[in-house]
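Chemist: What follows is a single structure, and I will ask about it in a moment.
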Amino acid sequence: MFDERHFGQAGFNPPKRNVTRKWANIGDLDDLFLKYGKVEGGKNVLDLASLGYDKLLGTGKVSNKYNVIINAFAKNAKSKVEGAGGEVIAR
C-alpha cells in the first residue's frame, strides 16, 4: 500500500537558498544613523552592508533623508527612502 522507502523523506530542498540572517526596518534608520552613520558631502550616509545587515525592510517611517547602502531591499523600503529624499544603493 505505502512505499517504505518514501515514508519520512524530506520534500523539495533547493540547493541554493537565499537566507536573510540580519535585517533592518525603515523605522530603525534614525537610531542606526546616530550610532553608525556618517555625513559625506552634505549627505547622510548609512552603510548597512558593512555593518552586517543583509536586507532593508519597509516597516516604519523615514523622518530624514538617508543614502542607504545595502545588499537587498524591499520595494516599499526603497520607495519610502526615496520619498523622503534619500537613495538606496545596492551593493
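Only the coordinates and a few stated rules stand behind these numbers; no lab work does. Computed from a predicted structure; not experimentally measured.
Chemist: Please report the Cα spread of the stretch 32-91 along all three principal axes, rounded to whole Å, starting with the longest.
Modeler: 26, 24, 18
Chemist: Under the rule of -39500 (n - 2.57) per DSSP H run of 4 or more residues, summed and divided by the residues of the chain, what mean residue ellipticity at 222 nm is obtained, to the nearest 500 deg cm²/dmol?
Modeler: Roughly -5000 deg cm²/dmol at 222 nm, from the helical runs in the chain.
Chemist: Work out how much length R21 to N64 would gain on full extension: take 0.36 nm times their residue separation and subtract the Cα-Cα distance, in nm to one decimal.
Modeler: Gain in length upon complete extension: 12.9 nm.
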